[in-house]
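J.: For reference, the structure I am asking about is given below.
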Amino acid sequence: MNPRSSRHDSRDGDETQPRETLKGTLERVIWSAPDSGFIVAQFRVEGELFPIPAVGEIVSPAVGDRYVLEGSWDEHPKYGRQFRFTAYEVEYPTTPEGIARYLASGLIQGIGRSTAGKIVAQFGSDTLDIMNTRIDRLAEVEGIGPKTLEKIRASWEKQRGVQNVMLFLKSHDISTTWAVRIYRTYGADSIHVMQEDPYRLVDDIEGIGFVIADGIARSLGVTVEDPLRVRAGIGYALREAARRDGHCCVPREEFLHHAAAVLEASEESVLDGLRDAMAHARVIEDDDMLFLPELYHAEHAVTEAIAEAFGEHWNDLDHLQLNEQLSAAEERTGLQFNAQQVEAVHKCLAGPICILTGGPGTGKTTTLIGILEIAKEMGWKTAICAPTGRAAKRISEVTGFEARTIHRLLEFDPVSGVFQRSDDRPVEADLLVVDEMSMVDLPLMAALLRARASGCRIVLVGDADQLPPVGPGAVLRDLISSRNIETVVLTLVLRQSAQSSIVTNAHRVRQGFMPVFDTRLSDGGETFFRAVEQGESIAELIRDLIVTRLPTQLGCDPVRDIQVLSPMHATPAGVTHLNRVLQQSVNGGSRVAVQRGDRLFRNGDKVMQIRNDYERDVYNGDIGYVHGYDEDEGQLLVDFDGRRVRYAPDDLESLVLAYAITIHKSQGSEYPIVIVPLVLQHRIMLRRTLLYTAMTRARDMIILLGARAAIATAVNSPYENRRHGRLRERLSERLS
């Protein structure tokens, strides 16, 4: 390590801005995020009357240290002119006076102002070299005894260790953000760990996946065919199949071809790696299908939990009494139950597990209210849950019964990553209701069933024709298709719903027919289509609808009453571009709350949480509104249904604009007015389930914009690509 300076590239900068170099002393850290190294600070620069505000990433910033910053000037909408640096050097002092000030800054334990002066008087400009190479010589300085020397040595080596590790990481093009996390995980062993097995990072550090670890490994000289790399790549390929395509397992031969292509390795080396992975139980093979252990065990957990429920003793219910209780419920609620719904209530309450399904307008919610009312009359303790906060809130509002997210019901601990409710401490309930069951993936279902108490009835409510869950598996479809679980399918569209063109068109799409669009709003139209002609901008059409036409004609709120749902993030009709256009059009005049790079949030912006945050109690897909910025704390304030949640700058990666969101993110929600752009550029995503899901999100009106050919592509597509898994077969084998 060069004791005079060390250089760090923080992150890729904006190459369109002129690059400058500033030399200054760190005078004040206004705000810092230790996990990422991001700081907002002031630097004293020679020739400048006042300190320079600067933002960027520095590892272990120390007030009083001199830095050489490389970056460009940026005009922040709220804070004005600031220097955004993307690389820096720590410039160690060279004069005796500068070295003395540096040592006396408080950075090194055991060295105060007096001791620093004595050290420099003894060694002069060679002081830092002495401390790096022959620190024992400090014993020559008056007042430094053995205990003080050891304290100085430990503190100095810690500081030097940080810089050594950071220099090593930066020399291999590892960003400061990852470098900080690596150092915080492994400390002084960081270099040794990465040289020995850089793929450990995937398991040990959240956010570092195979691609990042592989880049580090390749820069360290790991070859394509290295067994260490192939072994890690096999796990990566299986996890990608689960993450990207929802597969719980992959056929062996298909996997060998795919993994070899992804890793750019031979099939022979992949086969060797696979054998090693299976020998160490990192991969499980079952009937020529390859599983990650956690998904293999989750399938078995779901199967065994259901079999256990069926094996319990269930007393027959008095169905005459149920009918009387239903009649009483009708009087209390003002609802009326048709014959299908009455049958559904009886079946859902009779056995251990029952599935209640059906399309829009068929009365699933009404039936569920009947079930809950009877359970209440019978004195049963009921637990109602849903996969997302939005879905839980919605079912609470429409039924009048309290509902929670599955994670809250199971008391998820964000620190340990473990559900506190399980077989040793089950959920205390006689009836467990799971709404929006189509969104529940295999691992979550396994966790839920592990927490079922003996004798607890389970009712699963959902629409199997909706999009499958984001996570692996298609649990609701597998349970239904196994034909071993009591399933009630509501098919009768209720009279009021039958008058809705949204409901009738959703059923048409589900059955593979083109929707029939309304022509006049004044005639009560709800489903509209507008073809986008060549040369027209779909973003401008959406902007015009939201800013002018719909608020003028319907008196609706352009932000809270209208939701744009797009199949994709990319393309001019995708979420990313539409959010930029709509933010500027709908909320461009509002005060800027905070800006980080090219990400800008204004007061009043509609935003969405994109990761589960159990500590803040906000979840993937929750929508809120920017409420302001706390300048003293440096935090963005977001209102989620009347509850203020704070976001520090480093937390903003979990927040995105939500004027437009993907159709996948809309599951479990309902909006007064929905606008859906559908163009042939979305072809890869155009599936019947996608269009059906989008249509069922609209309560009062849906407007499709784009090309009829895109709608036809979605309607005529296979309903959904089958996800690999063996849950259906396991249930059939176990319960037959």
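J.: Of all residues in the stretch 303-349, which are without any contact (Cβ under 8 Å) to a residue 40 or more places away in the chain and among the hydrophobic types (A, V, I, L, M, F, W, C)?
T.: Across the stretch 303-349, the qualifying residues are Trp314, Leu317, Leu320, Leu335, Phe337, Ala339, Val342, Val345.
J.: Across the stretch 385-431, what is the number of residues that are in contact with a strand residue (DSSP E or B) (Cβ under 7 Å, 6 or more places away or on another chain), over 21 Å from Ala474 (Cβ atoms) and in a strand (DSSP E or B)?
T.: Number of matching residues: 5.
J.: Hand me the list of strands (runs of 3 or more DSSP E) wholly inside the stretch 593-639 holding 2 or more residues that are open to solvent by 50 Å² or more (accessible area, probe 1.4 Å).
T.: On the way: elements: 599-602, 606-609, 623-630.
The strands (runs of 3 or more DSSP E) meeting that bar are 623-630.
J.: OK, next. Which one of Thr303, Thr357 is in a strand (DSSP E or B), within 39 Å of the chain's Cα centre (by Cα) and under 25 Å from Leu727 (Cα atoms)?
T.: Working: Thr303 fails: in a strand (DSSP E or B).
Only one candidate passes the filter, namely Thr357.
J.: I need the full set of residues from the stretch 575-601 which are in contact with a strand residue (DSSP E or B) (Cβ under 7 Å, 6 or more places away or on another chain), touching a residue at least 24 places away in the same chain (Cβ under 8 Å) and not hydrophobic (A, V, I, L, M, F, W, C), in order please. Walk me through it before giving the result.
T.: We begin by selecting, within the stretch 575-601, every residue in contact with a strand residue (DSSP E or B) (Cβ under 7 Å, 6 or more places away or on another chain); these are 575, 578-579, 582-583, 587, 590-595, 600-601.
The next check asks that each one be touching a residue at least 24 places away in the same chain (Cβ under 8 Å); those that pass are 575, 578-579, 582-583, 587, 591-595, 600-601.
Correct list: Asn579, Gln583, Asn587, Arg591, Gln595.
J.: Does Leu292 satisfy being open to solvent by less than 80 Å² (accessible area, probe 1.4 Å) and within 13 Å of Pro443 (Cα to Cα)? Give the steps one after another, and end with the answer.
T.: Details: open to solvent by less than 80 Å² (accessible area, probe 1.4 Å): yes; within 13 Å of Pro443 (Cα to Cα): yes.
So Leu292 fits the description; yes.
J.: Would you check which residues across the stretch 676-689 are touching a helix residue (DSSP H, G or I) at 6+ places or on another chain (Cβ under 6 Å) and open to solvent by less than 10 Å² (accessible area, probe 1.4 Å) and list them?
T.: Val676, Pro677, Leu678, Leu686
J.: Just for the stretch 620-664: of the residues that are at pLDDT below 90 and among the polar types (S, T, N, Q), which one is farthest from the chain's Cα centre (by Cα)?
T.: Looking at residues that are at pLDDT below 90 and among the polar types (S, T, N, Q), I get Gln635.
J.: Against the condition farther than 30 Å from Gly525 by Cα, open to solvent by 30 Å² or more (accessible area, probe 1.4 Å), among the hydroxyl-bearing types (Ser, Thr, Tyr) and not in a strand (DSSP E or B), how does Ser590 come out, does it pass?
T.: Working: farther than 30 Å from Gly525 by Cα: yes; open to solvent by 30 Å² or more (accessible area, probe 1.4 Å): yes; among the hydroxyl-bearing types (Ser, Thr, Tyr): yes; not in a strand (DSSP E or B): yes.
Taking the combined requirement at face value, the residue satisfies it.
J.: Among the residues in the stretch 452-474, are any surrounded by 15 or more Cβ atoms within 10 Å (Cβ to Cβ), more than 33 Å from the chain's Cα centre (by Cα), touching a residue at least 24 places away in the same chain (Cβ under 8 Å) and assigned to a strand (DSSP E or B)?
T.: Filtering the stretch 452-474 down to residues surrounded by 15 or more Cβ atoms within 10 Å (Cβ to Cβ) leaves 452-453, 456-474.
Now restrict to residues that are more than 33 Å from the chain's Cα centre (by Cα): none.
No; the residues of the stretch 452-474 include none that is surrounded by 15 or more Cβ atoms within 10 Å (Cβ to Cβ), more than 33 Å from the chain's Cα centre (by Cα), touching a residue at least 24 places away in the same chain (Cβ under 8 Å) and assigned to a strand (DSSP E or B).
J.: For the stretch 198-242, enumerate the residues that are touching a residue at least 40 places away in the same chain (Cβ under 8 Å) and open to solvent by 30 Å² or more (accessible area, probe 1.4 Å).
T.: If the condition is that a residue be touching a residue at least 40 places away in the same chain (Cβ under 8 Å) and open to solvent by 30 Å² or more (accessible area, probe 1.4 Å), then Gly215, Ser219, Leu220, Val224, Glu225, Pro227, Arg231, Arg239 are the ones that fit.
J.: Among the residues of the stretch 475-509 satisfying the criterion of being among the charged types (D, E, K, R), open to solvent by 40 Å² or more (accessible area, probe 1.4 Å) and assigned to a helix (DSSP H, G or I), which is farthest from Arg723 (Cα to Cα)?
T.: Of the stretch 475-509, the ones among the charged types (D, E, K, R) are 477-478, 483, 486, 495, 508.
Right, trim to open to solvent by 40 Å² or more (accessible area, probe 1.4 Å) and you get 477, 483, 486, 495, 508.
From what is left, the residues that are assigned to a helix (DSSP H, G or I) are 477, 495, 508.
On the way: Arg477: 10, Arg495: 36, Arg508: 25 Å.
Only one residue fits best here, namely Arg495.
The values are calculated or read from the model by the stated rules, or taken from the named source; none is laboratory data. Predicted, not measured: the structure shown is a model, and the values here were computed from it. Note: ideal-geometry Cβ built from the backbone for every residue, glycine included; neighbour counts use all protein chains shown. When the accessible area is computed, the model is the full protein with side chains, heavy atoms only, and any ligands, DNA or RNA have been set aside. Shrake-Rupley method; radii C 1.70, N 1.55, O 1.52, S 1.80 Å.
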